[in-house]
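Written below as structure tokens is the structure these notes are about.
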Amino acid sequence: MEEIEGTLAAAVEAGGWILKTEDGEFLLLDVEDYRDQPWFQEGARLRARGRPDPEAVTIHMQGTPFRLEGLQPAQE
């Protein structure tokens, strides 16, 4: 498992979410459990736990797919 931290942004394709980090852009997979959280909004600084899955098939063509196991606001 890996932890990444970055800024949440909407993907170019509708419905996708990207976490922009110092190491690049990650397409967040499995975000359904988090979309209703008050902190899940564009521009939020978040910390994600999970693993990159570059072989994942998605309709989104932006960022490295990242399978979430946890997502929370980053501590300042």
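No lab work stands behind these numbers, since they all come straight from the coordinates. The structure displayed is predicted, hence computed values, not measured ones. Methodologically, a virtual Cβ is constructed for each residue, glycine included, from the backbone with ideal geometry; neighbour enumeration extends over all protein chains shown.
Summary table below
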item	result
5 angstrom amide H check on Trp17, placed H, neighbours 5+ away	Ala11, Leu28
Amide proton proximity set for Ala44, modelled H, under 5 Å, gap of 5+	Leu8
DSSP-assigned coil residues among trypsin sites (Lys or Arg not before Pro) in the stretch 15-76, each with at most 13 further Cβ atoms within 10 Å	Arg35
Under the Debye formula (equal points on every Cα, no solvent term), log10 I(q)/I(0) of the stretch 21-61 at q = 0.18, 0.28, 0.30 Å⁻¹	-0.64, -1.32, -1.37
Cβ-placed point charges (K, R +1; D, E -1), dipole of the chain about Cα centre in debye, nearest 20	80
Antiparallel %, DSSP beta bridges [both residues in the chain], to 5	85
Virtual paramagnetic centre 7 Å along Cα→Cβ of Thr58, amide N under 19 Å, in the stretch 35-50	35-37, 40-50
Translational D in µm²/s for the chain (Stokes-Einstein at 10 °C, 1.306 mPa s, Kirkwood Rh from C-alpha pairs)	131
Length gained when the stretch Asp33-Glu3 is fully extended (0.36 nm per residue, less Cα-Cα span)	9.0 nm
